[in-house]
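Peer 1: Take a look at this one; I'll ask things after.
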Amino acid sequence: MKKMTLLLLLLLTIVASGELFAIAQQDDDVRGAFMTTRPKPNAAPKPTPKVRHRAPRTATSPSVVMVDTGVTTSGTTHTGPRMGLGLTLFMRDSTGLAMRTDPSREFHRGDHLRVLLETNADGYLYVFNTTDNGPPVMIYPDPELDEAGNYIQAHVPFEIPSSAASEERLRWFTFDQKAGAEKLYFVFTRDPISGIPIEDDLVTFCRSDSSKCPWRPPAAIWVAMQKDLSETVKSAKQGRTAGAETPAEHQGVSRGIGLNSEDPEPSLIMLSASTSRSILIAPLDLVHK
């Protein structure tokens, strides 16, 4: 009996070791796929653009092939790297500085939170929030942030909310007194999502009736997004969850300069499992007690 017990423990140890190795290998694969799309440190720098999040105007309108009253993007094929999103959470400390924090920690009333985001391709970002699995609200784009724009450039970091906002209330997300299970849905697409107002359309919508803002997605759009959410998304958590925002990150946000491969990795990287996907929906759970 003792020999069988020892043998069973040995087998369990081998299985556990294999699972840990597989997790570590997936983390390396995800980080590698994301970080290798960053430019090398000695690459020729791009001209510093004006920091804004409205899409560049071209002679032709962008192809709207995203979610539209229940139609998903699973049949749309795109070339290029798998869609990836990196994020780092910052909390405001007692002196007002932004300090890295672990996304899995507990948050409490009065805590101030900011998200530093980075994508591996140009595209459009939408962020939705639910509390205790309640109805979703769109917290980005926002008519009071970035001119209601949500266009982002590959590896050019940006903050939600922005530390450069004109008012203190717009610089942080603040946890209220109502505890609950908070969930953020980061929706990254190559093209705008039909049926969701952005830029001037969102500004006009909110000005016409402020009680309807933040904007709430119709049931058909949200159901379609939930279907896309079922698609496989791989993630990797980086060990560094402490320390202040680095000069490179601050410069990237304030001047629109892309990060290079030697700059800090995001705390959490989420990557689509398929190269053909044109939409990435990545959920993030926040514990609010």
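Peer 1: Can you pull out every residue in the stretch 238-263 that is touching a helix residue (DSSP H, G or I) at 6+ places or on another chain (Cβ under 7 Å) and of a type outside the set (S, T, N, Q)?
Peer 2: Once the filter is applied, which keeps residues that are touching a helix residue (DSSP H, G or I) at 6+ places or on another chain (Cβ under 7 Å) and of a type outside the set (S, T, N, Q), the stretch 238-263 yields I257, G258, L259, D263.
Peer 1: Now a separate question. Of all residues in the stretch 248-263, count the ones that are under 18 Å from the mean Cα position of the chain (by Cα) and among the β-branched types (V, I, T).
Peer 2: Here the count works out to 1.
Peer 1: Scan the stretch 211-223 and report the pairs whose first residue is without any contact (Cβ under 8 Å) to a residue 60 or more places away in the chain and whose second residue is surrounded by 15 or more Cβ atoms within 10 Å (Cβ to Cβ) and part of a helix (DSSP H, G or I), with Cβ atoms within less than 9 Å and a gap of 6+ or a chain change.
Peer 2: What qualifies is K212/F205; K212/C206.
Peer 1: Further question: In this structure, is E182 crowded, with 17+ Cβ neighbours inside 10 Å, more than 19 Å from F34 (Cα to Cα), touching a His at 6+ places or on another chain (Cβ under 8 Å) and not basic (K, R)?
Peer 2: On the way: crowded, with 17+ Cβ neighbours inside 10 Å: yes; more than 19 Å from F34 (Cα to Cα): yes; touching a His at 6+ places or on another chain (Cβ under 8 Å): yes; not basic (K, R): yes.
Yes; evaluated as a whole, the condition is true for this residue.
Peer 1: Which of the numbered conditions does F186 fail, given that it passes all the others? Conditions: (1) out of contact with any Lys or Arg (no Cβ under 7 Å at 6 or more places or on another chain); (2) in a loop (DSSP other than H, G, I, E, B); (3) of a type outside the set (G, A, S).
Peer 2: All conditions pass for F186, except number (2).
Any read-out appearing in this document is the output of simple, stated calculations on the displayed coordinates, not a laboratory observation. Remember, it's a predicted structure, so these values are computed and weren't measured experimentally. Heads up, the Cβs are rebuilt from the backbone with ideal geometry, glycines too, and the neighbour counts pull from every protein chain shown.
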